[in-house]
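The structure under discussion appears below in the form of structure tokens.
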Amino acid sequence: MAKVNLNVKILRYHPEHDKKPYWKTYNLDLEHDVTILDVLNAIHWNIDGTLSYRRSCRSAICGSCAVKVNGRNVLACETSVQVFKTSKLRIEPVPGFKIIKDLVVDWDDFFAKLERIKPYLILDKPAPEKEFIQSPEEFDQIQEAATCILCTACTSSCPSLWANDNYIGPAALLKAYRFIFDSRDGGADERLDIINDRNGLWRCHTIFNCMEACPKKIKITEYISRLKVKATENSI
Amino acid sequence: MKIEEAKLYHKTDAVVVGAGLAGLRAALEIAKSGYQVAVVTKVYPTRSHSGAAQGGIAAALANTSEDSLELHMFDTIKGSDYLGDQDVIELFVEEAVKTIYELEHMGVPFSRTEDGRINQRAFGGHSATRACFSADITGHVLLHTLYEQCVKHRVHFYNEFQVFSLLIENGISRGVVAWDIRNGGLHTFHSKVVLLASGGYGRAFKITSNAHANTGDALGLILECGLPLEDMEFVQYHPTGLYKHGILLSEAARGEGAYIINDKGERFMQKYAPGKMELGPRDVVSRSEQTEINEGRGIGGKDYVYLDLRHIGKQRILERLPQVYELALNYLTVDAIKDPVPIQPTAHYSMGGIPTNIHTEVILDAKGTVLKGLYSAGEAACMSLHGANRLGTNSLQDAVTFGRISGIYMLKFMAENGFEKLPANPLDNAQRKISALTQGQGKERYVGIRDILQDSMTKMAGVFRTESDMLKLKAIIKELQQRFKNVTIDDKGMAYNLDLIEAFELGNLLSFSEVIVEGALARKESRGSHYRTDFPKRDDATWLRHTLAWRSDEGVKLDFSKEVVIYMDRFPPQERKY
């Protein structure tokens, strides 16, 4: 396998002794087809054990490892260094969140916003003895939205959120969509009440950053638009 | 702030260690009944590795084929190579059906049949289409749904907390001590009950489908407390790990009709399991693959074979197997619509674990003596439902069903019992481990030790095992354990110290890996996932028994007196052929 020499700049920050984040450079030789996570592991394991980052599944499903590389939000585990078409990498935390240490950011606000939209099925009828009947077409309405891994790539790439951190953000709105458009759910009105305001749905200015950032290629902006239509219909 | 100064105390009715399907389902049961429950988890709940399960969750709903509880029971028993306890399996198949409808009512988005019922697909070792699924992200949607229910019922999560010690004294569990990964500092959780639901131990191996987090921490802690582990030599190797990465490609690919082919283009399962072909159970298919590779029929003579999806067609691949498609594309740049995907066996599932009775209570010995207040469920536990080999889709069902059942029994215990006193100086043990790493005189980084362990376990304790390899491996692990005493870390800080966590995890890996190897060395037969080339036959007369193992610095003590529960009139052991 061909090796490449990588010049990797990582935004480092340790709350116990750094006033602000700073760039640290590492040079290392790795196989040409390694992932960003392989690069972080190689640095952490073999060069500098003080580097911290989140990772777990390695297979793009747990949503732990979103980072910003050369200006793009990606999942470190599934992204090959080859896609950047350069041996120079700049790796930093995803924007819009407080940094805890190095590439690890504070998710508390992200999950708190998710909880606000009542992210669970709300039944307004008794459950049947067996399963609810839901047609394949009804399932198709929510299938793609249900693939969201809550990796924060969308929310942290949203300029509306950078400008106003009261905005609930695309991930929480997508979760609202996933339930409001579930044929079994009876909680549409109460959820729309929560998101139908200037820090909810209407703070989305259809910039499409979220869709470009989504590692699962979910059509987030489209789903938010469908929520806007539904909210408008409801208020008429 | 010094590490010693960060000490916090929490009193809560129940502590659940781990936030995968078993832990979340248990916590939900407790929270719904109004008791306090603290979920202590090293990763955020939605990051748990249950979410990586892809293909389905088993239950005999009979939505898309004839099926029955009896048949699910028989398939599971046969799949287990008769080591599974049949009373447990009987309870499991009955409860499985209830579990699915309950999950559906909670909002799990299942793929649907044309008439709107839960869709079910074929899976290895099952003789009916029994796997309820959501495309190929079944574990993901189950995990998120249970997390959402826990949000609804206000379960209290301690996210990114690593348990460092169990508080057990005089045969009674009293809580746990955990390290706050984000901020640093030890917290004492004082509780009436503790559930260990921290998942499997695949990270003892280099080639594994498991997450970085799957280091079997609770198993290391159990051994440290002088308690036994059960059936640890039974490690499942999944036949379709992505070549070199080990990442899982769902068995759903074969459920949807994918072939496995060798260098000659042959569907070689014809030779090994003509009745089931690629849908043989995982141990059989992995062994067949490894045999083809060892005999020079891997692709280009190398150590992999092909998973061929091409005939399934673009539309069905993208609809039913989108994750499989993306993984092959992103990790190997293989377009599975046009080209076959390189695969190899990968360490996947831990049949062994913390011994429990059918009520999920942790037991101390072959007689089944209960350790009061300590419970275990999911992959961390060994009840034993899966015996020597688990069938695909039975694990998600195991985790949710026995997570629920553990909740029920913990509630009963909490209603009948008060808080026990904490041991004197509860933080000492955890503090000692942390200080050894942050302030000790060690010189060697943990990374090299871990690399040797994982590489050796994959090479020598894999699909095929021999006595000489086990003896070599035992010596290697002994030496690594000595080296670990002199280990150090670069990061000495409090905040998000990944170095500290990884070094602590390695101590656990080294501890239970010795138990895996000693069990594999002692068990002179081949059963399910444990295959000894020097003893290729199953030997029921001697070895139709569970393994219990205790570990100390002197070595591992084994006990084979725990008998398998078998209904001789209904499911007597037979030769296992597919």
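Cut-off 10 angstrom, C-alpha nodes, Gaussian network model of chain A. Which of A:PHE84, A:PHE132, A:PHE181 fluctuates the most?
A:PHE132
Calculated FRET efficiency, B:GLU479 and B:LEU329, Cβ-Cβ r, R0 30 Å, to nearest 0.05? Numbers along the way, then the final one.
Values: r = 41 Å, r/R0 = 1.38.
E(calc), rounded to 0.05, equals 0.15.
Given labels modelled 7 Å from the Cα in the Cβ direction, how far is it in nm from B:GLU467 to B:LEU69?
Output for this residue pair reads 4.6 nm.
Among the trypsin sites (Lys or Arg not before Pro) in the stretch B:303-346, which ones are in a DSSP loop with at most 10 other Cβ atoms within 10 Å of the Cβ? Mind listing them? Can you show the working numbers first?
Working: sites: B:ARG310, B:LYS314, B:ARG316, B:ARG320, B:LYS338; in loops: B:LYS338.
Qualifying residues, ordered by number: B:LYS338.
Below 8 Å, C-alpha to C-alpha, sequence gap of six or more: please give me the relative contact order for chain B in percent.
On the way: 1371 pairs, mean separation 120.9, N = 578.
About 21 percent, as a whole number.
Kindly list the residues of the stretch A:1-37 that lie in the label zone of A:ASP165, defined by a backbone N under 19 Å from the point 7 Å along the Cα-to-C-beta vector.
Answer for the stretch A:1-37: A:12-16, A:18-22.
Pop the C-beta distance of B:ILE337 and B:ALA424 into the FRET formula with R0 = 45 Å and round what comes out to the nearest 0.05.
On the way: r = 64 Å, r/R0 = 1.42.
For B:ILE337 and B:ALA424, the calculated efficiency is 0.10.
Using Stokes-Einstein with the Kirkwood hydrodynamic radius over Cα pairs, what translational diffusion coefficient do you get for chain B at 37 °C and a viscosity of 0.692 mPa s, in µm²/s rounded to a whole number? Please report the intermediate quantities before stating the final value.
Working: Rh = 23.7 Å.
For the chosen part, D equals 138 µm²/s.
Nearest 0.05, what FRET efficiency do A:ASN5 and B:ARG310 give at R0 = 35 Å with Cβ-Cβ as r? Walk me through the numbers before you get to the answer.
Numbers: r = 38 Å, r/R0 = 1.08.
Plugging the Cβ-Cβ distance into 1/(1 + (r/R0)^6) gives 0.40.
Which order do you get for A:MET211, B:MET232 if you rank them by accessible area with a 1.4 Å probe, largest at the top?
Values: A:MET211 60, B:MET232 5 Å².
Listed by decreasing accessible area, they come as A:MET211, B:MET232.
What per residue convex hull volume, in Å³, do the alpha-carbon atoms of the stretch B:351-476 yield? Present the calculation step by step, with values, prior to reporting the outcome.
On the way: hull volume 23.2 nm³, N = 126.
Cα-based convex hull of the stretch B:351-476, divided per residue, equals 184 Å³.
I want to verify a result. In a Gaussian network model of chain A, Cα cutoff 10 Å, which of these has the top mean-square fluctuation: A:ALA163, A:ALA76, A:ALA66?
In this elastic network of chain A, the residue with the biggest mean-square fluctuation among A:ALA163, A:ALA76, A:ALA66 is A:ALA163.
So if I place +1 on the C-beta of Lys and Arg and -1 on the C-beta of Asp and Glu, and nothing else carries charge, what would the dipole magnitude of the protein assembly as shown be about its Cα centre? I want it in debye, nearest 20. Walk me through the numbers on the way to the answer.
On the way: 100 positive and 104 negative charges, 353 e Å.
Approximately 1700 debye in magnitude.
Let a ≥ b ≥ c be the square roots of the eigenvalues of the Cα gyration tensor of the stretch A:57-171; is it rounded (a/c under 1.5), or, if not, prolate (a/b larger than b/c) or oblate?
Values: a/c = 2.74, a/b = 1.74, b/c = 1.58.
Because a/c hits 1.5 or more and a/b exceeds b/c, the stretch A:57-171 counts as prolate.
Would you mind computing, in nm to one decimal, how far apart the modelled labels at A:ASP140 and A:ILE47 are, each placed 7 Å from Cα along Cα→Cβ?
4.9 nm
Name all residues of the stretch B:502-526 having a backbone nitrogen under 13 Å from the label point set 7 Å from the Cα of B:ASP534 along its Cα→Cβ direction, giving them as ranges.
Counting only backbone N, you get B:520-525.
From the helices alone, meaning DSSP H stretches of at least four residues, give me the mean residue ellipticity at 222 nm for chain B, per-run term -39500 (n - 2.57), in deg cm²/dmol to the nearest 500. Please report the intermediate quantities before stating the final value.
Values: 16 runs with 202 residues, N = 578.
For chain B, the value works out to -11000 deg cm²/dmol.
Any idea what the dipole of the stretch B:475-578 comes to, in debye rounded to 20, about its Cα centre with Lys/Arg Cβ at +1 and Asp/Glu Cβ at -1? Walk me through the numbers on the way to the answer.
Values: 17 positive and 18 negative charges, 107 e Å.
Taking the Cα centre of the stretch B:475-578 as origin, the dipole is about 520 debye.
In the stretch A:67-105, which trypsin sites (Lys or Arg not before Pro) fall in coil by DSSP and have 12 or fewer other Cβ atoms within 10 Å?
Numbers: sites: A:LYS68, A:ARG72, A:LYS85, A:LYS88, A:ARG90, A:LYS98, A:LYS101; in loops: A:LYS85, A:LYS98.
Listed in order of number, the matching sites are A:LYS85, A:LYS98.
If you consider only alpha-carbon coordinates, what radius of gyration and Dmax does the protein assembly as shown have, in Å?
Calculated on Cα positions, Rg and Dmax stand at 25.1, 78 Å.
Please identify the cysteines of the protein assembly as shown that lack any partner cysteine with a Cβ under 4.7 Å from their own Cβ.
Lone cysteines by the Cβ rule: A:CYS65, A:CYS77, A:CYS148, A:CYS151, A:CYS158, A:CYS204, A:CYS214, B:CYS132, B:CYS150, B:CYS225, B:CYS382.
Find how many whole Å separate the alpha carbon centroid of the stretch A:165-236 from the alpha carbon centroid of the stretch B:510-578.
First find each Cα centre; the distance between them is then 54 Å.
Once label points are set 7 Å from the Cα along Cα→Cβ at both B:ALA541 and A:ASP106, what is their separation, rounded to one decimal in nm?
6.9 nm
Please label the shape of the stretch B:507-578 as rounded, prolate or oblate, based on the square roots a ≥ b ≥ c of the eigenvalues of the alpha-carbon gyration tensor (a/c under 1.5 means rounded; beyond that, a/b larger than b/c means prolate, else oblate). Can you show the working numbers first?
Values: a/c = 2.59, a/b = 1.76, b/c = 1.47.
It comes out prolate by the Cα gyration axes.
Nearest-5 percent of antiparallel DSSP beta bridges in chain B?
Details: 46 of 73 bridges.
Approximately 65 percent, going by the DSSP bridge assignments.
Starting from the Cα of A:LYS113, draw a straight line to each of the lysines and keep only those under 16 Å, dropping any in the same chain fewer than 8 residues away.
A:LYS98, A:LYS175, B:LYS152
The values are calculated or read from the model by the stated rules, or taken from the named source; none is laboratory data. Keep in mind the model is a prediction, meaning the values are calculated, not measured. Cβ sites come from the backbone with ideal geometry, for glycine too, and all protein chains shown count toward neighbours. Each accessible area value is taken on the protein alone, full model and side chains, heavy atoms only, with ligands, DNA and RNA left out. Shrake-Rupley method; radii C 1.70, N 1.55, O 1.52, S 1.80 Å.
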